[in-house]
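Since the structure comes first, as structure tokens, the remarks are kept for the end.
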Amino acid sequence: MFRFEDPIYLYLLAIVPVLFVIRFMMVRQQKKRLRKFGDPELMKLLAPDVSRFRPAVKFWLLLAAWTLLVVMLARPQMGTKISHEKRTGIETIIALDISNSMLAEDVAPSRLDRSKMMIENLVDHFTDDKIGLIIFAGDAFVQLPITSDYVSAKMFLSSITPSMITTQGTDIAAAINMASHSFTQQQGVGKAIIVITDGEDHEGGALEAAKDARNSGMNTYVLGVGSPQGAPIPTSNGDYMRDQSGQTVMSALNEDMCRQIATAGGGAYIHVENNSRAQEQLDNELDKLAKKEIVATLYSDFDEQFQAVGIIVLLLLIIELCILEIKNPMLKRISLFKR
């Protein structure tokens with residue numbers, strides 16, 4: 001398994017296209033200035049030692065060195081040892097609502113951010129359990145297949161935004177149905193579906209989906225995020241979402257729907273006002289599920305790979321230094337950068 005220990009440094013790669021644009025503009029300006037001196041063909045005859053391709057090659061070498069340097073800072077690691085550990089726990093699939101209504105700020109900092117913090121706390125409390133992650137709005141998608149790798153779960157969680165699903169709406173039934181097909185085939189182990197939503201079910205069928213999951217041995221729990229009084233939905237331009245008549249759209253937590261889904265699924269409804277209290281309630285509910293010995297496949301040892309990347313960076317910089325921007329008088333007969 002390949003991973004980055006410090007992936008935050010990968011954001012520095014955003015500088016690469018900026019450097020490319022700067023380089024393009026500088027070359028363009030240089031060509032304009034040279035045209036003012038005279039005919040380009042005549043300029044070539046007057047400056048025979050000027051190389052057309054060497055500056056570009058030096059630039060691409062430096063750009064590659066910078067890219068690899070960022071990768072090296074992110075500390076690439078390779079899992080070298082796989083261990084199969086036997087644990088006694090349950091299987092949990094979390095279905096997270098990422099529809100636009102989850103951007104409402106009636107709970108700080110927003111419904112979605114509060115939900116992500118709740119999931120992170122939940123993962124921190126897991127020790128011998130398996131976890132999977134589904135995101136849904138108008139559609140549902142598996143973001144993380146069921147696993148015992150809690151580090152990967154947090155990594156996938158941090159990247160979730162509403163823009164990941166273009167079809168807006170809230171199809172809770174699709175999320176529950178997908179979750180019910182995402183567990184392992186192991187029998188006798190407690191299986192929990194945790195739906196985190198504001199309860200605005202636009203598609204219907206959620207009660208039937210929860211009942212079907214319950215009949216298949218899976219309990220559905222619903223964590224309601226938001227305020228029953230409602231709140232406006234922020235947009236990217238700093239305004240609030242409006243309907244066709246120009247009125248501000250108010251999104252409210254539908255607690256009745258959340259309770260009905262939880263009851264149909266044989267689980268419990270928990271209103272997330274305080275993360276610690278909600279976590280305690282959820283832990284108590286999950287403790288009621290049957291625990292069974294499950295086999296977890298883990299990478300227990302990771303080797304650092306930045307040394308190899310560092311050597312490549314060093315070689316690229318040496319090559320860049322050795323290449324002159326003008327043709328070497330001693331190597332005029334050898335032209336590596338000439339068509």
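The values are calculated or read from the model by the stated rules, or taken from the named source; none is laboratory data. Values in this document were obtained by computation on a predicted structure and should not be read as measured data. Cβ: placed from backbone, ideal geometry, glycine included. Neighbour counts: every protein chain shown. Heavy atoms of the whole protein, side chains included, go into the accessibility calculation; ligands, DNA and RNA do not. Shrake-Rupley method; radii C 1.70, N 1.55, O 1.52, S 1.80 Å.
The 3J(HN,Hα) values that the Karplus relation (6.51, -1.76, 1.60; θ = phi - 60°) gives for segment 19-31 are, in residue order, 5, 5, 5, 4, 4, 4, 5, 5, 5, 5, 5, 5, 5 Hz. Gly and Pro appear as x.
Put simply, the amide H of residue 143, placed in the peptide plane, has neighbours under 5 Å in 133, 134, 135, leaving out anything fewer than 5 places away on its chain. Based on protein heavy atoms only, segment 170-245 ends up with 46 Å² per residue of surface accessible to a 1.4 Å probe. Per-peptide packing, taken as the mean over residues of other Cβ atoms within 10 Å, places 65-71, 13-19 in the sequence 65-71, 13-19 from highest down. Among 123-136, 180-193, 215-228, the peptide with the highest mean count of other Cβ atoms within 10 Å heads the list, and the full ranking is 215-228, 123-136, 180-193. Taking a ≥ b ≥ c as the square roots of the eigenvalues of the alpha-carbon gyration tensor, segment 113-207 is classed oblate because a/c is 1.5 or more while a/b is no larger than b/c. By the rule of a C-alpha distance below 17 Å, with chain neighbours fewer than 8 residues away ignored, the aspartates and glutamates paired with residue 191 are 91, 128, 129, 212, 283, 285, 287, 293.
To one decimal place, what Kirkwood hydrodynamic radius in Å is obtained for segment 145-289 from all pairs of distinct Cα atoms?
For segment 145-289, inverting the mean 1/r across all distinct Cα pairs yields 16.8 Å.
When the C-alpha to C-alpha distance is required to be over 20 Å, the pairs from 116/291; 130/154; 154/288 that qualify are 116/291; 154/288.
The DSSP beta bridges internal to segment 65-173 are antiparallel in roughly 40% of cases.
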